[in-house]
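S.K.: Okay, handing you the structure first.
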Amino acid sequence: MSIVFSETTRTFHLYNQEISYIMTVLPNGHMGQLYFGKRVHHKEDYSYLYETMPRPMTSYVSEGDTSLSLEHVKQEYGVYGTTDYRRPAIEIKQENGSTICDFRYQGHEIMNGKPELPGLPATYTEDEEEAQTLCLTLQDPLTGAELMLFYTIFARGGILARSARVTNKGTCELHLTTAMSLCMDLPDCDYEWLQFSGAWARERHLKVRRLEQGIQAVDSRRGNSSHEHNPFIVLKRPEAGEFQGEVIGFSLIYSGNFLAQAEVDTHDTTRVLMGIHPMGFDWMLEKGECFQTPEAVMVYSGQGLNGMSQTFHRLYQKRLARGYWRDKARPILNNNWEATYFDFTEERLIEIAGKARDCGVELFVLDDGWFGERNDDHAGLGDWVANPQRLPHGITGLAEQIEELGMKFGLWFEPEMVNKNSDLYRKHPDWILSTPGRSASHGRNQYVLDFSRKEVVDCIYEMMAKILSEAKVSYIKWDMNRSITECYSAALPPERQGEVFHRYILGVYDLYDRLNRNFPQVLFESCASGGGRFDPGILYYAPQGWASDDSDAAERLKIQYGTSFCYPISCIGSHVSVTPNHQVFRNTPLHTRANVAYFGTFGYELDLNKLTEEEQELVKEQIVFMKEYRELLQFGTFYRLVSPFEGNITCWMVVNEEKTEVIVGWYRTLCHVNMPYTRVRLHGLNPDFCYEDQNSKTSYYGDELMNIGLITSDGMSGQVERNTGEYGDFSSRIYVLKAVR
Ligand code: DGJ
């Protein structure tokens, strides 16, 4: 990996074995983009990539000179209005009302490793050899605004991490109204656009469309990254697929309002922008103040979508997630939410936990309803003190009893919210986000605390820290069950109201950070009504997240498949729940529910006492299986093989680093009569190893499994599956293959 600057051509080349990123200082001092893609030879001069062509209707930068117009030039951080008409990466409103800026290259610094982003989640290095960072400094001479552009190239993988920092080095107040984390101008538009969209209980469904002239975008203006869209998009060449071809993934390490956009101009070049949503954003910079954008990560893969995903998985698993749990196999848990909802007593919880322990569960999680007056969802949020009617021995006493059973204890919080019927609200009615003179909207009968205020975060921290200090709590599920619609803070002046959304998220990060630092062994699982804040920002603080409130196995196939495009299996919270399922009322076999949930952080979302003895025995076997293979399932290399978005079959697999152990998950949504012969070709094996199917005891060479495929059809007519009870709708199989020498 290297970052090379050529003094003569004023060109930067960032490269490792997989990628090259080339940019140059343009004649007017702006930064021009020349190339991003597969690694090319290093040269001093790539000036042939700086394309200009006289075109009618063009405006030119300098008087009397028709050689430079920015309208058609690829740039690093475009500014609207200096002959460029595309959407800008930065916009600064100045005292005279103008928004025009002119950022010119001043200098640069190349450093080993990667600097932290203060107050923000970001990828990191553990030693300086892992990455190099280039920091470009530009300045707008008139306002004195300084712009720093950061580019980190990692030694391994086609990864480039980017962010920007703006400092007011002038004398007048500035208003930053757009500050994207990344601007990427590409020379053509021959791409398909992939986004991961949905709604509550059907998050991150893959949507694909051809990139076209005009603007295509996904965003959130809800204060969280949202169920609706994920801060992650992919541009792939039309011929690229899961295993071959060029793709570029763009991911934003941020949990608040975001915009991910591609603008194709009518000369077919593409500008990708990603960052905090400019709508409503207005950050005041007084003299000397600076603003740091969140980080965005671009991953280039020449090996298709799986290649891209595996790079994101490694990066986010090892150099974004942190702490005690980062590399550890995750405990198998039993959560009481779908078992009891709000209807529980201490006795009932112990009964559920006892059976869970008997079946081999390691962690019992008490969900919503344990605090304040929380008997339903109308009261209690904000009062993080155990309800003595339900829990006569408090959280401390309950945790002790769970520990005595031989399990760890976990607890649910929703730190950012308050009900009007709570002591906290009665004491601090002005602590909610709401607009003066207007009524505050509610969602699930709750209001959003103003986390842009330090005193609010302090107060919630104190309540949570008290419980964590007194009771043996090993895990926290951090929920967030509504979005923000009136983002106004009583504590900020009018000219700073455009900062509240971002300050809110900084407050969330601050609370997470304090808890991480002071309770380093507590495992955090993020949640926002399921997957409403499933993003890389949160992954920095919570190494796993509840992927969706839809716990039905068939629905989960799409959710988990879509999630896997960016996020590692070790962070995907997935549990077995009851049938009929509580969201879709569907009956699926118990083994299929587990076969889906194995590819995640496994657990149960039910009362195991209510299963038949036969089912309980099956649960015990599932837990034994998961304990044996969870390292491989959660930390192996994951491949998507057959997509649920394309047909009746879903298939995925994991393989360990040594390529000696493989687990394949195969799922069929509907059963048909007299079905065709089917095979699935595996990937990532050693062609020369001989692998034995642990169930059938049949052996195959790796090259057979990769070129001919694993036979997945049902014998003559479903006979095999009928015998094993696996016949019918929603059937599934797990294949465990081990290399035998
Ligand atoms: C939404 C979560 O996604 C559920 O798992 C559960 O924790 C409920 N909130 C509790 O209110």
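S.K.: Out of the residues in the range 508-525 meeting the condition of being within 14 Å of Pro415 (Cα to Cα) and open to solvent by less than 10 Å² (accessible area, probe 1.4 Å), tell me which one is farthest from the ligand (Cβ to nearest atom).
M.R.: Kept after step one, since they are within 14 Å of Pro415 (Cα to Cα), are these residues of the range 508-525: 508-515, 524-525.
Filter again for open to solvent by less than 10 Å² (accessible area, probe 1.4 Å), leaving 508-509, 511-512, 515, 524-525.
Working: Val508: 17, Tyr509: 21, Leu511: 18, Tyr512: 18, Leu515: 18, Phe524: 14, Glu525: 10 Å.
Taking the candidates together, the pick is Tyr509.
S.K.: Checking the structure you have, find out if any residue of the range 440-463 is closer than 20 Å to Ser422 by Cβ, open to solvent by less than 10 Å² (accessible area, probe 1.4 Å) and within 16 Å of the ligand (Cβ to nearest atom).
M.R.: Yes, some residue in the range 440-463 is closer than 20 Å to Ser422 by Cβ, open to solvent by less than 10 Å² (accessible area, probe 1.4 Å) and within 16 Å of the ligand (Cβ to nearest atom).
S.K.: Restricting attention to the range 410-439, which residues are within 16 Å of the ligand (Cβ to nearest atom) and in contact (Cβ under 8 Å) with a residue 60 or more places away in the chain?
M.R.: Gly410, Leu411, Trp412, Phe413, Glu414, Pro415, Glu416, Met417
S.K.: Another question about this same structure. Which residues, taken from the range 447-498, are over 23 Å from the mean Cα position of the chain (by Cα) and β-branched (Val, Ile, Thr)?
M.R.: Applying the first criterion (over 23 Å from the mean Cα position of the chain (by Cα)) to the range 447-498 yields 447, 449-450, 453-474, 486-498.
Answer for the range 447-498, where residues must be over 23 Å from the mean Cα position of the chain (by Cα) and β-branched (Val, Ile, Thr): Val456, Val457, Ile460, Ile467, Val473.
S.K.: Looking only at the range 301-324, which residues are touching a Phe, Trp or Tyr at 6+ places or on another chain (Cβ under 8 Å) and either part of a loop (DSSP other than H, G, I, E, B) or under 18 Å from Glu130 (Cβ atoms) (or both)?
M.R.: Gln310, Phe312, His313, Leu315, Tyr316, Gln317, Arg319, Leu320, Ala321, Arg322
S.K.: Would you confirm, using the coordinates I've provided, whether Met111 is surrounded by fewer than 18 Cβ atoms within 10 Å (Cβ to Cβ), more than 23 Å from the chain's Cα centre (by Cα), in a strand (DSSP E or B) and among the hydrophobic types (A, V, I, L, M, F, W, C)? Explain how you work it out, then say what you get.
M.R.: Details: surrounded by fewer than 18 Cβ atoms within 10 Å (Cβ to Cβ): yes; more than 23 Å from the chain's Cα centre (by Cα): yes; in a strand (DSSP E or B): yes; among the hydrophobic types (A, V, I, L, M, F, W, C): yes.
Taking the combined requirement at face value, the residue satisfies it.
S.K.: Quick one: count up the residues across the range 118-129 that are open to solvent by less than 40 Å² (accessible area, probe 1.4 Å) and under 18 Å from the mean Cα position of the chain (by Cα). Write out each step before concluding.
M.R.: Taking the range 118-129 as the starting set, the residues that turn out to be open to solvent by less than 40 Å² (accessible area, probe 1.4 Å) are 120-123, 125.
With the extra rule that they be under 18 Å from the mean Cα position of the chain (by Cα), the set shrinks to 120-123.
Summing the residues that are open to solvent by less than 40 Å² (accessible area, probe 1.4 Å) and under 18 Å from the mean Cα position of the chain (by Cα) in the range 118-129 gives 4.
S.K.: Please tell me if Leu398 is part of a helix (DSSP H, G or I) and crowded, with 22+ Cβ neighbours inside 10 Å.
M.R.: Working: part of a helix (DSSP H, G or I): yes; crowded, with 22+ Cβ neighbours inside 10 Å: yes.
Criteria met by Leu398.
S.K.: Might you let me know whether the range 289-312 holds any residue that is open to solvent by 10 Å² or more (accessible area, probe 1.4 Å), within 16 Å of the ligand (Cβ to nearest atom), out of contact with any helix residue (DSSP H, G or I) (no Cβ under 9 Å at 6 or more places or on another chain) and not acidic (Asp, Glu)?
M.R.: No, the conditions are met nowhere in the range 289-312.
S.K.: So which residues in the range 601-632 are within 16 Å of the ligand (Cβ to nearest atom) and over 15 Å from Ile734 (Cβ atoms)? So that I can check it myself, show each step before the final result.
M.R.: Start the filter on the range 601-632 by keeping residues that are within 16 Å of the ligand (Cβ to nearest atom), which leaves 601-607.
Of everything in the range 601-632, those that are within 16 Å of the ligand (Cβ to nearest atom) and over 15 Å from Ile734 (Cβ atoms) turn out to be Thr601, Gly603, Tyr604, Glu605, Leu606, Asp607.
S.K.: Restricting attention to the range 339-372, and to residues there that are away from the ligand (no atom under 15 Å from the Cβ) and farther than 30 Å from Glu628 by Cβ, which single residue is surrounded by the most Cβ atoms within 10 Å (Cβ to Cβ)?
M.R.: Filtering the range 339-372 for residues that are away from the ligand (no atom under 15 Å from the Cβ) and farther than 30 Å from Glu628 by Cβ, the one surrounded by the most Cβ atoms within 10 Å (Cβ to Cβ) comes out as Glu346.
S.K.: Please pick out the residue among Arg503, Arg482 that is in contact with a His (Cβ under 8 Å, 6 or more places away or on another chain) and closer than 29 Å to Met279 by Cα.
M.R.: On the way: Arg503 fails: in contact with a His (Cβ under 8 Å, 6 or more places away or on another chain).
Every option except Arg482 fails the conditions.
S.K.: Filter the range 220-239 for residues that are open to solvent by 10 Å² or more (accessible area, probe 1.4 Å) and touching a residue at least 60 places away in the same chain (Cβ under 8 Å) and give the result.
M.R.: The initial filter retains those residues of the range 220-239 that are open to solvent by 10 Å² or more (accessible area, probe 1.4 Å), namely 221-222, 227-229, 236-239.
Scanning the range 220-239 gives Arg222, His227, Lys236.
S.K.: Now for a different question. Do you know which of the residues in the range 324-338 that are more than 16 Å from the ligand (Cβ to nearest atom) and under 24 Å from Asn518 (Cβ atoms) is surrounded by the most Cβ atoms within 10 Å (Cβ to Cβ)?
M.R.: Keep residues of the range 324-338 that are more than 16 Å from the ligand (Cβ to nearest atom), which gives 324-332.
Within this subset, residues satisfying the condition of being under 24 Å from Asn518 (Cβ atoms) are 324-328, 330-331.
Numbers: Tyr324: 13, Trp325: 20, Arg326: 13, Asp327: 14, Lys328: 15, Arg330: 24, Pro331: 21.
My answer is Arg330.
S.K.: Any idea how many residues of the range 405-463 are of a type in the set (D, E, K, R) and part of a strand (DSSP E or B)?
M.R.: 1
S.K.: Out of all the residues in the range 167-197, which are in a loop (DSSP other than H, G, I, E, B) and open to solvent by less than 20 Å² (accessible area, probe 1.4 Å)? Show your work before the answer.
M.R.: First, pick out the residues of the range 167-197 that are in a loop (DSSP other than H, G, I, E, B): 169-173, 187-191.
Of everything in the range 167-197, those that are in a loop (DSSP other than H, G, I, E, B) and open to solvent by less than 20 Å² (accessible area, probe 1.4 Å) turn out to be Gly170, Tyr191.
S.K.: Looking at the range 569-607, which of its residues are open to solvent by 20 Å² or more (accessible area, probe 1.4 Å) and assigned to a loop (DSSP other than H, G, I, E, B)?
M.R.: Those that are open to solvent by 20 Å² or more (accessible area, probe 1.4 Å) and assigned to a loop (DSSP other than H, G, I, E, B): Val578, Thr579, Pro580, His582, Gln583, Val584, Phe585, Arg586, Asn587, Pro589.
S.K.: Picking from Tyr105, Tyr151, Tyr85, which residue would you name as being among the aromatic types (Phe, Trp, Tyr), closer than 24 Å to Ala262 by Cα and not in a loop (DSSP other than H, G, I, E, B)? Steps first, answer last, please.
M.R.: Values: Tyr105 fails: closer than 24 Å to Ala262 by Cα; Tyr85 fails: not in a loop (DSSP other than H, G, I, E, B).
None of the others qualify; the one that does is Tyr151.
S.K.: Taking the range 170-222, which residues are out of contact with any strand residue (DSSP E or B) (no Cβ under 8 Å at 6 or more places or on another chain) and closer than 30 Å to Glu486 by Cβ?
M.R.: Selection gives Ala199, Trp200, Ala201, Arg202, Arg221, Arg222.
S.K.: When only residues in the range 546-570 that are in contact with a helix residue (DSSP H, G or I) (Cβ under 6 Å, 6 or more places away or on another chain) and under 20 Å from Trp337 (Cα atoms) count, which is farthest from the ligand (Cβ to nearest atom)?
M.R.: Among those residues, the one meeting the criterion is Ala553.
S.K.: A follow-up question, please. List every residue pair whose Cβ atoms sit under 7 Å apart, with the two residues 6 or more apart in sequence or on different chains, where the first one lies in the range 677-699 and is outside any loop (DSSP other than H, G, I, E, B) and the second, anywhere, is surrounded by 12 or more Cβ atoms within 10 Å (Cβ to Cβ) and among the charged types (D, E, K, R).
M.R.: Tyr691/Lys738; Glu692/Lys738; Ser699/Glu692
S.K.: Moving to a separate point now. Scan the range 611-636 residue by residue and report those that are within 28 Å of the chain's Cα centre (by Cα) and open to solvent by 50 Å² or more (accessible area, probe 1.4 Å).
M.R.: Answer for the range 611-636, where residues must be within 28 Å of the chain's Cα centre (by Cα) and open to solvent by 50 Å² or more (accessible area, probe 1.4 Å): Lys627, Glu628, Glu631.
S.K.: Which residue pairs have Cβ atoms closer than 8 Å, lie 6 or more positions apart in sequence or on different chains, and pair a first residue in the range 493-519 that is more than 17 Å from Pro536 (Cβ to Cβ) with a second residue that is crowded, with 21+ Cβ neighbours inside 10 Å and of a type in the set (Lys, Arg)?
M.R.: If the second residue must be crowded, with 21+ Cβ neighbours inside 10 Å and of a type in the set (Lys, Arg), the pairs left are Gly507/Arg453.
S.K.: Restricting the search to the range 2-44, which residues are over 25 Å from Ser62 (Cβ atoms), open to solvent by 10 Å² or more (accessible area, probe 1.4 Å) and outside any strand (DSSP E or B)?
M.R.: Selection gives Gln17, Glu18, Arg39, Val40, His41, His42, Lys43, Glu44.
S.K.: Residue by residue through the range 526-537, note down the ones that are within 14 Å of the ligand (Cβ to nearest atom) and buried (at least 24 other Cβ atoms within 10 Å of the Cβ). Steps first, answer last, please.
M.R.: Let us first name the residues in the range 526-537 that are within 14 Å of the ligand (Cβ to nearest atom), namely 526-534.
Matches in the range 526-537: Ser526, Cys527, Ala528, Gly530, Gly531, Gly532, Arg533, Phe534.
The values are calculated or read from the model by the stated rules, or taken from the named source; none is laboratory data. In this text, all values refer to a predicted model and were calculated from it rather than measured experimentally. Because the Cβ atoms are built from the backbone with ideal geometry, glycine has one as well, and the counts that use them run over all protein chains shown. Protein only, heavy atoms only, side chains kept; ligands, DNA and RNA dropped before computing areas. Shrake-Rupley method; radii C 1.70, N 1.55, O 1.52, S 1.80 Å.
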